[in-house]
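Enquirer: Got a structure here, written out as structure tokens. Questions coming.
What follows is calculated from the coordinates using simple rules that are stated; it is not laboratory data. Not measured: the values here are computed from a predicted model. Counting neighbours? That spans all protein chains shown, and the Cβs are built from the backbone with ideal geometry, glycine included.
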């Protein structure tokens, strides 16, 4: 029996009010100094959001690491969502997604192990342990830690999705906001993510007006650049016969697998090409079980078309599938993922990097002056 949306709205509204009051009280306790924030001798960049899931935190964390690692010895600290371990774990070649979580695993391998990545439920303890092991680190990026206020950030970056902007959302469970929209004013930088490639000047202006950021805050817009088909199991693929999306025809078929919060942009991009696309969605951070893989096998076998049949997944899902011992051997040679990277729009492609570097430099100089005066 379907639930009346009005009834559901009325039932959830009191819970949303209570949730908002608790979140606001917690923020005030930090503001008043009742709950303490810990500072560190290295700059800390916090990347997060005020809504649950799907804003692109991991690609943006990778983007920030990429633009900053040529000047700083950068490291990443994450909670390691849905990992099977606990406490502090430093990523290594022997780590699996189950050990450290799929997103930290992806970040570690994206930079070929050259950027230290650690996971810990307590970001403060994680930072302390990481710095004791790697004292040469002089910049840390905290992934998905805007609400983890026990660490005092040098720069806070909040992401909000173009198609689901925070200013038009409501608090959990009525909407998707983790805390009141006013929390966005703690951020130094706000990035509107997953923007369409043809975003118009009017849309820039509407987002700027609705966000109503204050003078010191910087606003940017970003989109995704999709790469070419990349084998999830490279040892099982003849690289000289690697298919390309632009070569696929209407006779070809794609089984799209997505275990992410919002798969629509991924599916929409695939459907811009000529091949038929069948989307099979799973929950975010889904741990694929044998029954899931049996379903995937059956769906692949039943794909229509007389041409090529391939499986295409997201970069995050590829991490879990590549490490799954039950993945059907027959499907390995036809299973690919699409790598993505962040691109700032043409108005902010240079200013974001320089603005971020300037904020960090100013914080370092201020800290040095403070230490000299004491």
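Enquirer: When N is the residue count of the range 46-181, what does its C-alpha Rg come to as a fraction of 2.2 N^0.38 Å?
Expert: 1.05
Enquirer: Volume per residue, Å³, of the convex hull around the alpha-carbon atoms of the range 111-159? Could you put the intermediate results ahead of the total?
Expert: Values: hull volume 4.7 nm³, N = 49.
Output value, Cα hull per residue: 97 Å³.
Enquirer: Does anyone have the angle between helix 290-301 and the longest principal axis of the chain? Alpha-carbon axes, 0 to 90°, nearest 10?
Expert: Once rounded, one gets 50 degrees.
Enquirer: Please give, to one decimal in nm, the separation of the simple spin-label points placed at residue 370 and residue 250, each 7 Å out from Cα toward the Cβ.
Expert: It works out to 6.5 nm between the two label points.
Enquirer: Enter the angle in degrees (range 0 to 90, nearest 10) between the Cα long axis of helix 5-31 and the first principal axis of the Cα atoms of the chain, meaning the one along which they spread out most.
Expert: With both axes taken from Cα atoms, the answer is about 40 degrees.
Enquirer: Taking neighbour Cβ counts within 10 Å as the exposure measure, how do 247, 269 sort from fewest upward?
Expert: Numbers: 247 13, 269 16.
So the residues, fewest neighbours to most, are 247, 269.
Enquirer: Also, quick follow-up: With a cut-off of 8 Å between alpha carbons and a minimum separation of six or more residues, what is the relative contact order of the chain in percent? Before the final figure, lay out each step's value.
Expert: Numbers: 648 pairs, mean separation 68.3, N = 374.
It comes to 18 percent, rounded to a whole number.
Enquirer: Something else now. What is the helix-to-structure angle for 351-373, meaning the angle in degrees between its Cα long axis and the longest Cα principal axis of the chain, kept from 0 to 90 and rounded to the nearest 10?
Expert: 30 degrees
Enquirer: Percent relative contact order of the range 37-152, based on C-alpha pairs within less than 8 angstrom and at least six residues apart? Can you show the working numbers first?
Expert: Values: 211 pairs, mean separation 49.9, N = 116.
Relative contact order here is 43 percent.
Enquirer: Stokes-Einstein diffusion coefficient for the range 1-95 at 10 °C in a medium of 1.306 mPa s, Rh from the Kirkwood formula over Cα pairs: what value in µm²/s? Display every interim value, and only then the final one.
Expert: Values: Rh = 17.9 Å.
For these conditions, the coefficient is 88 µm²/s.
Enquirer: Which order do 310, 199 fall in if you start with the one that has the fewest other Cβ atoms within 10 Å?
Expert: On the way: 310 22, 199 15.
With the fewest neighbours first, 310, 199 line up as 199, 310.
Enquirer: While we're on this one: Restricting to DSSP H runs of at least four residues, report the calculated mean residue ellipticity at 222 nm for the chain, -39500 (n - 2.57) per run over all residues, nearest 500 deg cm²/dmol.
Expert: Values: 10 runs with 124 residues, N = 374.
Per the formula, -10500 deg cm²/dmol.
Enquirer: Would you order 58, 25 from fewest to most other beta-carbon atoms within 10 Å of each residue's own beta-carbon? Present the calculation step by step, with values, prior to reporting the outcome.
Expert: Working: 58 23, 25 9.
Going from least to most buried by this count: 25, 58.
Enquirer: Using only Cα atoms, locate the centre of the range 177-199 and the centre of the range 99-165, then give the distance between them in Å, rounded to an integer.
Expert: About 19 Å separates the Cα centre of the range 177-199 from the one of the range 99-165.
Enquirer: Something else: Taking only C-alpha pairs under 8 Å that are 6+ residues apart, what is the relative contact order of the range 174-280 in percent? Can you show the working numbers first?
Expert: On the way: 84 pairs, mean separation 24.1, N = 107.
Once normalised by length, the contact order is 22 percent.
Enquirer: If you restrict to DSSP beta bridges whose two residues both lie in the chain, what percentage is antiparallel, to the nearest 5? It would help to have the intermediate numbers written out before the result.
Expert: Numbers: 11 of 53 bridges.
Bridges in the chain that DSSP calls antiparallel: roughly 20 percent.
Enquirer: While we're looking at this one, here's another question. Stokes-Einstein D for the chain at 10 °C, 1.306 mPa s, Kirkwood Rh over Cα pairs, in µm²/s? Each step should come with its number before you reach the end.
Expert: Values: Rh = 22.4 Å.
Translational D for this selection: 71 µm²/s.
Enquirer: Moving to a separate point now. With 22 Å as the cut-off, how large is the P(r) tail for the range 230-338, expressed as percent of Cα-Cα pairs? The partial results should precede the final answer.
Expert: On the way: 1406 of 5886 pairs.
The calculated P(r) of the range 230-338 puts 24 percent of pairs beyond 22 Å.
Enquirer: Calculate the FRET efficiency for residue 274 and residue 295 from the Cβ-Cβ distance with a Förster distance of 35 Å, rounded to the nearest 0.05. Mind dumping the intermediate values first?
Expert: Numbers: r = 26 Å, r/R0 = 0.74.
With a Förster radius of 35 Å, E is 0.85.
Enquirer: Can I ask one more? DSSP beta bridges in the range 230-338, what fraction antiparallel, as a percent rounded to 5?
Expert: That works out to approximately 10 percent antiparallel.
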